[in-house]
Amino acid sequence: MEVLAGIIFILMYVVIVSEKIHRTVAAMLGATLMVLLGIMGQETALHHVDFNTLGLLVGMMVLVGVTSHTGLFDYVAIKAAKVAKAEPKRILVYLGLITAVFSAFLDNVTTVLLMVPVTFSITQKLHINPIPFLLTQIIASNVGGTATLIGDPPNIMIGSAIKELTFMAFIENLAPIAIIDLLVVIFLVEVIYRNKMNTKPELQAELMQMDEKKSLKDRGLLARSLFVLTLVILGFFTHSITHIESSMIALAGGFLLLLLAGGSHHLVEKTMKSVEWATIFFFIGLFIAVGGLIETGIIGSLAKQAVELTGGDVTKTSLLVLWLSALVSSVLDNIPFVATMIPLIQDMGNMGISNLEPIWWSLALGACLGGNGTLVGASANLIVAGLAAERGVKITFINYFKIGFPIMLLTIVLSTVYVYIRYLI
């Protein structure tokens, strides 16, 4: 059974990476085979599904789906461009910072879906190349998502599996290095493209005439959305006091907002369509497939080999996980990789490594920041490239690699220093 489970998982992974078939189909077929071929029973398979992660994702998607109808995100982007005096270099910095902040509290894919259309609107008015702005937003979304529990799917998965790693714990441990990485990244991109962002004064004057208030479509819904979002964020911050799971907070917030927004059949159906159900089922399939590796002992064997390789030393193990996560996540989707690593690290704890905390933070940093390495490293990267292609702007794998991979390596070097100084000295 161990060999069979390994073959199924590897084939599933190869299909996911090849992108010949949608990753959701590949993951669900892999999960189904694990059950149909007797590797584990149905009840055991369901036991491996992390419903806390799924609930958190659905709840946040519902919140964002309703809030997006208010025009809030368009308003913020246009306002930022005007505050920047329509100066392209400043706009690049401001939009990068806004993308990072949004990504810390929304998922990366939703953030770039909201930011990219506004970015094209601004760059077209100024007649400048949108690629520097798009690359900055890809990288900023992955760096910003590193800072919080809800910013990136790998963090959601880690926080859900390890209850001690609360919303506040993620901010306290990951936000400092995420901020440092973000500032360095935006500075570098601005320097690299400094001479490719020139525009004309008359075009800048035209942009300054835009009325950002016209972007706000429903002020009543906006007020209700901000109220509920504030309650949800407060709920995340007070988790250590209330002990209410993050999934329940997000789901309660999402459906409370639907109720406050009127709760009509049309609104609910429209919002449910905005939920990325393909992503949800991808997670379900992935959890079950990884469960097959756990049940057959493959994860335990890998953990034992990793502990033997590092001699059970926390420093060596943490740095190995950080760099391995970054390099693998730069060429493979970080979600299945993290799903595989979580039980592996948990097994390390059963083999004599008492302090796992630095290893968990190393996994989060490596997986999230590693996504910046290539165009296929994270879902947000591919979404931006797709949206750009629809508008006639091509972001090639090689052109992105020349910028993204060196920047990813730099952020991992900075993270290595951070992890070593903060946890391992």
Distance histogram in 20 Å bins (all Cα pairs of the chain, percent per bin):
26, 58, 16, 1
Ratio of the range 323-425's C-alpha Rg to 2.2 N^0.38 Å, to two decimals?
1.23
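First measure r as the distance between the Cβ atoms of LEU4 and VAL25, then evaluate 1/(1 + (r/R0)^6) with R0 = 30 Å and state the FRET efficiency to the nearest 0.05. Present the calculation step by step, with values, prior to reporting the outcome.
On the way: r = 20 Å, r/R0 = 0.68.
Once rounded, the FRET efficiency stands at 0.90.
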The range 283-338 to the range 143-221: how many Å between their Cα centroids?
28
Using only the Cα atoms of the range 252-407, build the gyration tensor, take square roots of its eigenvalues as a ≥ b ≥ c, and label the shape rounded, prolate or oblate: rounded if a/c is under 1.5, else prolate if a/b is larger than b/c, else oblate.
oblate
For the pairs LYS89/LYS214; LYS20/LYS273; LYS85/LYS213, note any where the Cα-Cα span goes beyond 21 Å.
LYS89/LYS214; LYS20/LYS273
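Taking only protein heavy atoms and a 1.4 Å probe, what accessible area per residue, in Å², does the chain have with all protein chains in place? Write out the running numbers ahead of the final one.
On the way: 17750 Å² over 425 residues.
Heavy-atom SASA per residue in the chain reads 42 Å².
What's the longest bit of the chain with no exposed trypsin sites (Lys or Arg not before Pro), using DSSP loop states and at most 15 other Cβ atoms within 10 Å as the test? Show your work: numbers first, answer last.
Values: sites that count: LYS20, LYS85, LYS163, LYS217, ARG391, LYS394.
For trypsin sites (Lys or Arg not before Pro) (loop position, at most 15 other Cβ atoms within 10 Å), the longest site-free span of the chain is 218-390.
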So, with a 1.4 angstrom probe, what is the percent of accessible area on the range 279-372 that is carbon and sulfur?
60
For the range 162-233, what does the alpha-carbon gyration tensor say about shape, rounded, prolate or oblate, given a ≥ b ≥ c as the root eigenvalues, a/c under 1.5 as rounded, and a/b over b/c as prolate?
oblate
By how many degrees, 0 to 90 and rounded to 10, does the Cα axis of helix 51-67 deviate from the longest principal axis of the chain?
10
FRET efficiency for LEU183 and PHE401, using Cβ-Cβ distance with R0 set to 25 Å, rounded to 0.05:
0.65
Separation between the LYS196 and VAL331 pseudo-spin-labels, each 7 Å from Cα along Cα→Cβ, expressed in nm?
2.5
Using just the Cα positions, wrap the range 1-146 in a convex hull and report its mean projected area in square nanometres, one decimal place.
11.1
Does the range 283-365 classify as rounded, prolate or oblate by the C-alpha gyration tensor (a ≥ b ≥ c root eigenvalues; a/c under 1.5 gives rounded; else a/b over b/c gives prolate, otherwise oblate)?
oblate
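Using only alpha-carbon positions, what ratio does the radius of gyration of the range 82-231 give when scaled by 2.2 N^0.38 Å? Mind dumping the intermediate values first?
Details: Rg = 17.1 Å, N = 150, 2.2 N^0.38 = 14.8 Å.
Compactness ratio reported: 1.16.
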Bins of 10 Å, starting at 0 and running to the largest distance - Cα pair percent for the range 380-423
25, 34, 23, 15, 4
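Can you give the direction-averaged projected area of the convex hull of the alpha-carbon atoms in the range 209-284, in nm²?
Details: hull surface 29.6 nm².
Over all viewing directions, the range 209-284 projects a mean Cα-hull area of 7.4 nm².
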ILE244-SER301 pseudo-label distance in nm [points 7 Å out on the Cα-to-Cβ vector]:
4.5
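Taking the square root of 5 times each eigenvalue of the Cα gyration tensor, what semi-axes in Å does the equivalent ellipsoid of the range 355-414 have, largest first?
Working: eigenvalues 155, 32, 7 Å².
Working from the Cα gyration tensor, I get semi-axes of 28, 13, 6 Å.
Given N residues in the range 23-100, what is its alpha carbon radius of gyration divided by 2.2 N^0.38 Å?
Numbers: Rg = 21.6 Å, N = 78, 2.2 N^0.38 = 11.5 Å.
Scaled against compact globular proteins, the figure is 1.88.
The values are calculated or read from the model by the stated rules, or taken from the named source; none is laboratory data. From a predicted model like this one, the values you see are computed outputs, not experimental measurements. Backbone-built Cβ (ideal geometry, glycine too); neighbour counts: all protein chains shown. Keep in mind that these areas ignore ligands, DNA and RNA; they rest on the heavy atoms of the full protein, side chains included. Shrake-Rupley method; radii C 1.70, N 1.55, O 1.52, S 1.80 Å.
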